[in-house]
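Throughout, read-outs are computed from the coordinates displayed, never taken from laboratory work. Fair warning: this is a prediction, and the values are worked out from it, not measured in the lab. Neighbour counts run over all protein chains shown; Cβ positions are idealised from the backbone, glycine included.
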Amino acid sequence: GAGPVGATVVDEVRRATAAHGGSVTVLAPGEALPDAASVRSHDLVLVVASRAAERDSGAARQVPPPGRAPQPPHPNDALVAVATDGALVAADGAPGLSPDMFVRVRAGGTTVVVAGAATGLLYGLHDVVRLGEDAFGDDAPPVRDLPVAPVRMLDHWDNIDVHPVMGQVERGYAGGSIFYADGRVREDLSRVADYARLLGSIGINAVAINNVNVHRTEARLLTDGLADVARVADLFRPHGVRTYLSVSFASPVVLGGLPTSDPADPDVQAWWAAAADRVYATIPDFGGFVVKADSEGQPGPFAYGRDHADGANLLARALRPHGGTVFWRAFVYNHEQDWRDRRTDRARAAYDHFAPLDGRFDDNVVLQVKYGPIDFQTREPISPVLAAMPRTRLAVELQVTQEYTGHQKHVCYLGPLWSQVLTFPLAEDATRDVAALVSGLPGRRDTPSGELPAGGVTAVSNVGDDEFWTGHPLAQANLYAYGRLAWDPEADPVALLDEWIGLTFPGADPRVRDTLHTLMDGSWLTYEAYTAPLGVGFMVDPGRMHYGPNVDGYEYSKWGTYHFADRDGIGVDRTVATGTGYAGQYPSPWRETYEDLATCPDELLLFFHHVPYSHVLHSGTTVIQHVYDSRADAVDVVESWVPAWDALRGLVDDRLHARVAERLTEQVRSATEWRDQVRSYFFRKSGVPDASGRPIY
Ligand code: BDP
């Protein structure tokens, strides 16, 4: 059978298939397919071709046709299986079969899903669900699918306690935590069970269940809370999802009562080893730790004069005997900067800290790198750290929760942003994209085999205990697209949007589909167009927790997030020639591309250069006129969404309609506020009138 992984979903598919008069058969490795005469059109056969099976060197690589005696399976059977008269035949010479891979074929009137392991079977099943009727058409082409990144993770910034400023979920916009209530792991975890199924269906296979800022109560999940963590892990497991914890680097002191957390101290090492032993005794398939160290006040190895390889390896060695992994975050910078000092540049920090450590991390450490060098802005260049560490396992970190992209009050479909990030050709003369850098394709590591360990894709989750899971019901599309892009970074984000619309509003009136597509398709670019311009970032209100405009809100603060606007111009000079030198952290051709005003893309202009307002963009318009025009045009777009959505009243669920309508009203208000403040700010700084003649206040 499917074993614990997938069992729940098999039951579900069994019920759904039965509704169509079909049945589900689960075959063990090597078992014969059912007789073609006995199957009906909606029958589904699931085959697990076990990886653990002995290699039958030279033997015919066949899943036997109906009626034939089972043969020992070949590990490669599933890889290139094709249907011929009810038999699955695998070709020679196929590379190794990965556990997450599946093959779907129509064979002898039956839809057959073959997988190398239970997780692949699970994904194949969800693929059938996604396809619906089409999976049972006799012209359905054979499909072979596998994820690009081995780890596809979601990080929850959930606290057990409700933080007085941040709430229960840090940067959460969908209510409280689905994991915790009343100071502990929830008694009723049914929401988590649903979430697990949801994540399995989009290919997510790892979840960290507590905030990277580890407060004292949450730190104890690692010790006193383990039995409760195990209850959560039990719910994730059937859906192929492994559970991780964020841990505090100071745990030996905070939890263990030791005088130090120094990685070189034998007592500290023993404390971590014992802690890991206890975790695995309770949760044998525990994933590992996520660590934010020496960052924004979190403790770390710097306190002991050690570097981040020392720190990460300390934890890695405790996890190693159990097969666990440390996701060590590269989000390390000085958050106590002097804004008067123009020499420090927060964008440089991760590279300056980590690039020199390449090759020093143990094999079970993954360095988790935010996609941009600053902090999840609407537009940033890709972090140069991802190209600078060929001997380190890397993961790229995205943010599904809409911290800087409208708090799930604004429609902002982020699939296109993540698609750009993952397919950005960052390294080796622009031949290797970010997805390749984090997914461990051969040739990156200097090992005899040329094999390199992979890292993965990770992101901050956007769900909470809200009725619609994500506050804004349309923000569910971001969760969906994240999982699907982590599986296949080449997927077209617009097609994924339509896929989400189709699955979420099955059988809906075509007007529903068209309107949703219109609202969401370009919504990231629309959001960008009414907020901070041309890659300059921030300009958000610190008081409202990064929501709404405050052009100088971070200009004279300690956080290193400046735009340097004056009467003559705006932007951060990060060139090598005259600026902070950040552009020099990129490999060619990007260092030259960003260094030179003539080639720097418009959307990143102010990230890399300080220019006069009269500077002419590649688009042909001046910086100042671009700011004026795009802010105003974008608000016109958002306003047009209101009547479009109103027209769907009665065609979608009433409560959902009302929730989206309420959020759209807020989006129009907020976008208008952005437009007016940014336009006025630029006018007052520069004194240059808006050539379009629109009012400026
Ligand atoms: C920033 C958030 C902060 C997080 C931090 C992080 O504002 O709440 O703790 O990132 O990623 O974007 O650690």
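Each other residue within a Cβ distance under 12 Å of K558 adds +1 if Lys or Arg and -1 if Asp or Glu, for a net charge of -3. Note on the range 310-444: Cα-only Rg and Dmax are 16.0, 49 Å. In the range 351-508, a dipole from Cβ-located charges (positive for Lys and Arg, negative for Asp and Glu) runs towards its positive end, and of Y413, G372, P489 it is G372 whose Cα lies farthest in that direction.
Our coupling estimate for the range 349-365, obtained by passing each phi through the Karplus curve with A = 6.51, B = -1.76, C = 1.60 and θ = phi - 60°, is 4, 4, 5, 4, 6, 9, 3, x, 8, 4, x, 9, 8, 4, 5, 9, 10 Hz, Gly and Pro reported as x. Restricting the trypsin sites (Lys or Arg not before Pro) of the range 479-557 to loop positions (DSSP other than H, G, I, E, B) with no more than 15 neighbouring Cβ atoms within 10 Å leaves R544. Taking only the alpha carbons of the range 566-619, we obtain Rg and Dmax values of 10.7, 34 Å in that order. Note: the range 152-495, Cα convex hull, 143 Å³ per residue. Once the C-beta distance of S680 and L597 is scaled by a Förster radius of 30 Å, the resulting FRET efficiency is 0.65 to the nearest 0.05.
Shown for L198, L154, L417: other C-beta atoms within 10 Å of each C-beta, ranked fewest to most, produce the order L198, L417, L154. Between E555 and R342, the simple label model (points 7 Å from Cα in the Cβ direction) yields a spacing of 1.5 nm. Residues V551, V365, arranged from fewest to most other Cβ atoms within 10 angstrom of their Cβ, appear as V551, V365. Dipole magnitude for the range 152-495: computed about the Cα centre from +1 point charges on Lys and Arg Cβ and -1 point charges on Asp and Glu Cβ, it is near 260 debye.
Put the Cα centre of the range 549-620 next to the Cα centre of the range 164-180 and the gap is 34 Å.
Estimated at 0.36 nm per residue, the fully extended path between R130 and E428 surpasses their Cα-Cα distance by 103.6 nm. The chymotrypsin sites (Phe, Trp or Tyr not before Pro) found in the range 469-557 that occupy coil by DSSP, while having at most 15 further C-beta atoms within 10 Å, are Y556.
Taking only C-alpha pairs under 8 Å that are 6+ residues apart, what is the relative contact order of the range 152-495 in percent? Taking the mean separation of contacting Cα pairs over the length of the range 152-495, I get 18 percent.
Seen from all directions on average, the range 123-175 presents a Cα convex hull projection of 6.2 nm². The trypsin sites (Lys or Arg not before Pro) of the range 328-386 that meet both conditions, a loop assignment by DSSP and at most 13 other Cβ atoms within 10 Å of the site Cβ, are R340, R342, R343.
Residue separation of F302 and E467 scaled by 0.36 nm, minus their Cα-Cα distance, works out to 55.1 nm of gained length.
Here the Karplus relation 6.51 cos²θ - 1.76 cosθ + 1.60, evaluated at θ = phi - 60°, turns the backbone of the range 666-681 into coupling constants of 5, 5, 4, 4, 5, 5, 5, 4, 4, 4, 5, 5, 5, 4, 5, 4 Hz, with x for every Gly and Pro. The slack in the chain from V165 to N334, taken as 0.36 nm per residue of separation less the alpha-carbon distance, amounts to 58.6 nm.
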